[in-house]
Ligand SMILES: Nc1ncnc2c1ncn2[C@@H]1O[C@H](COP(=O)(O)OP(=O)(O)OP(=O)(O)O)[C@@H](O)[C@H]1O
């Protein structure tokens, strides 16, 4: 069995007397796109920094390809950090060519690749422009290009599409997906559930520095209730062992279906109980809904704590 490309075991990170990560374990398998999810401040960037040796972990194992990451292995890694930053006073093509050479390409290959990439992301006319004359999104496109140049084996992307409009976000998703098709393993932080559903094979949801959920999207949907019914109706919805009512408004309800229940039986039961059903749709719980369930309570608790502190 080939071992996982990224292996994290019982990772703990303290900053002074504050524990930010506790007992975190997960793997990123070779060739997969892995979503690293969690609310703001849950410890995603800290974990990536510890994985790359920027932070010294308080405890635990963080391995890439069976060993701690060393800067000399950097050629096989493409890292897009949360904080962006390239040499802003230089021309786009010069910056890209420079980084290409650092990644082992010769000048001609680096320049050719960069020009093709700029064409692809609709920045061909900016090749000779100073980087700080580009918009924030345009600069991010350049930085993503630098990250994926020379097809690294492992891509670690911290919010790669942050701040992009929907058209450009889709373009960037295509580019990330293209790297996967070429064989890259991708570990990405994102708050965009649409991206997770489209790109990720497996995900981890981090909450308060530990894993709240970990697995394929299907696994996680099943863990959080699997199938749901969206019901437009009039008349009260009765309780039933076949479902749990999770949303209960005057004319709209959502029912979380029990594992062994059949949708058709539920519909018959509702009609028999006198509920006037205007629409009945079954679907899987979305990742967005799961995210709100997992982190909604935490945000409410944080807001209440803040109010108490301010009172
Ligand atoms: N160098 C540091 N010193 C002290 N505390 C830190 C340091 N770096 C991060 N933290 C704290 O660790 C916690 C996790 O931060 P981190 O940046 O890893 O979160 P995140 O999940 O990446 O958040 P976001 O989604 O907002 O980017 C936060 O409470 C943060 O204040």
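Just checking, does segment 290-305 include any residue being under 30 Å from residue 206 (Cβ atoms), surrounded by 11 or more Cβ atoms within 10 Å (Cβ to Cβ), modelled with pLDDT of 85 or more and in contact with a helix residue (DSSP H, G or I) (Cβ under 7 Å, 6 or more places away or on another chain)?
For segment 290-305, residues under 30 Å from residue 206 (Cβ atoms), surrounded by 11 or more Cβ atoms within 10 Å (Cβ to Cβ), modelled with pLDDT of 85 or more and in contact with a helix residue (DSSP H, G or I) (Cβ under 7 Å, 6 or more places away or on another chain): present.
Any residue in segment 64-77 that's on the phi < 0 side of the Ramachandran plot: show its pairings with residues that are assigned to a helix (DSSP H, G or I) and surrounded by 14 or more Cβ atoms within 10 Å (Cβ to Cβ) at Cβ separation under 7 Å, as long as the two are six or more apart or on different chains.
Close Cβ pairs satisfying both conditions: 64/51; 69/51.
Please go through segment 194-221 and pick out each residue that is outside any strand (DSSP E or B) and in contact with a strand residue (DSSP E or B) (Cβ under 9 Å, 6 or more places away or on another chain).
Just the residues of segment 194-221 that are outside any strand (DSSP E or B), to begin with: 194-201, 208-209, 217-221.
195, 196, 199, 200, 201, 208, 209, 217, 218, 219, 220, 221 - these are the residues of segment 194-221 that are outside any strand (DSSP E or B) and in contact with a strand residue (DSSP E or B) (Cβ under 9 Å, 6 or more places away or on another chain).
Would you mind finding the one in 65, 9 that is touching a helix residue (DSSP H, G or I) at 6+ places or on another chain (Cβ under 9 Å) and more than 14 Å from the ligand (Cβ to nearest atom)?
65 is the lone residue from the list that is touching a helix residue (DSSP H, G or I) at 6+ places or on another chain (Cβ under 9 Å) and more than 14 Å from the ligand (Cβ to nearest atom).
Here is a list of conditions, (1) under 18 Å from the mean Cα position of the chain (by Cα); (2) not in a loop (DSSP other than H, G, I, E, B), and residue 30 meets all of them except one; can you say which number that is?
The number of the failed condition is (2).
Considering only residues that are away from the ligand (no atom under 14 Å from the Cβ) and either in a helix (DSSP H, G or I) or in contact with a helix residue (DSSP H, G or I) (Cβ under 9 Å, 6 or more places away or on another chain) (or both), which ones fall in segment 176-188?
We begin by selecting, within segment 176-188, every residue away from the ligand (no atom under 14 Å from the Cβ); these are 176-186.
Within segment 176-188, 176, 177, 178, 179, 180, 181, 184, 186 meet the criteria.
Among the listed residues 191, 233, identify the single one that is within 16 Å of the ligand (Cβ to nearest atom) and either over 29 Å from residue 4 (Cα atoms) or assigned to a loop (DSSP other than H, G, I, E, B) (or both). Reasoning before the result, please.
Values: 233 fails: within 16 Å of the ligand (Cβ to nearest atom).
The unique qualifying residue is 191.
The values are calculated or read from the model by the stated rules, or taken from the named source; none is laboratory data. Remember, predicted model here, so these are calculated numbers, not experimental data. Please note: Cβ atoms are built from the backbone with ideal geometry, for glycine as well, and neighbour counts cover all protein chains shown.
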